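A short worksheet on the structure shown next.
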Amino acid sequence: MPLFNELKLHKVLGCGKTRSVWLTSDKNALKLSHIFHNGTTNRMEWAIWHHAEPELKKILVPPISIHENGIYMVVTLGEPIKRNEVPKIFPSFITDSKSSNWVRVGNKILLADYAQGGIVTHLGLDSKKLHDETIPVEELCRK
Ligand SMILES: Nc1ncnc2c1ncn2[C@@H]1O[C@H](COP(=O)(O)OP(=O)(O)O)[C@@H](O)[C@H]1O
Ligand SMILES: [Mg+2]
């Protein structure tokens, strides 16, 4: 994982409840956890990606690297979509399916914000552990 000051952030791509998302100089997206959120949603997405079944991975934005406590994470860059482009069919455990949570990557529409309780439950992950910033990210990925 590059050091934060080596990442060269160009502009804000979006801002949600828990993170701001930045365009980096190497054309990726960096998800920076808001103060008081302690990297939890980045840690959740990282763990979800590493436990997801191949079928689920097909609709998730692939993460690239993460800081050891999740405070920032680099993921594949996507483009915003229109409301009518949200996929019509997706698993019912994806409960937060608003259009701002999806992006276009190449010719696919993928879920960019998958730090969602329904997915954590579906995969049988320990929500308490995901919220504990003293546990290193690698440990969350152990199967
Ligand atoms: N991979 C990405 N590429 C481009 N923009 C993104 C990407 N991921 C998120 N965004 C933008 O940043 C916003 C906030 O990211 P999101 O993952 O939804 O964070 P939060 O957990 O705070 O809601 C999104 O609504 C979207 O506009
Ligand atoms: Mg969001």
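What to note about this one:
- Inter-site label distance for PHE4 and LYS88 at 7 Å from Cα along Cβ, in nm: 4.5
- If you take the Cα centroid of the range 22-52 and the Cα centroid of the range 102-143, the two points sit 9 Å apart.
- Hz values of 3J(HN,Hα) by residue in the range 88-97 - Karplus curve (6.51, -1.76, 1.60), Gly and Pro given as x: 6, 10, 7, x, 5, 6, 8, 9, 9, 10
- The packing ranking of peptides 80-93, 124-137, highest mean first, is 124-137, 80-93, where packing means the average number of other beta carbon atoms within 10 angstrom of each residue.
- Subset of LYS8/LYS82; LYS11/LYS98; LYS27/LYS129; LYS27/LYS58 violating a 25 Å alpha-carbon distance limit: LYS8/LYS82; LYS27/LYS129
- Taken along its three principal axes, the alpha carbon spread of the chain comes to 39, 37, 25 Å, from the longest extent down to the shortest.
- Sorted on the mean count of surrounding Cβ atoms within 10 Å across their residues, most packed first, peptides 26-33, 57-64, 1-8 read 26-33, 57-64, 1-8.
- Charge dipole magnitude, Cβ of K and R +1, D and E -1 - the range 4-138, Cα centre, debye nearest 20: 580
- The calculated P(r) of the range 60-143, using every Cα pair and 10 Å bins from 0, goes 16, 43, 33, 9, 0 in percent.
- Placing R0 at 30 angstrom, the Cβ-Cβ distance between SER25 and LYS98 gives a FRET efficiency of 0.55 after rounding to 0.05.
Throughout, read-outs are computed from the coordinates displayed, never taken from laboratory work. As the structure is a prediction and not an experimental result, all values here were calculated from the model. In this analysis, Cβ positions are derived from the backbone assuming ideal geometry, glycine residues included, and neighbour counts consider all displayed protein chains.
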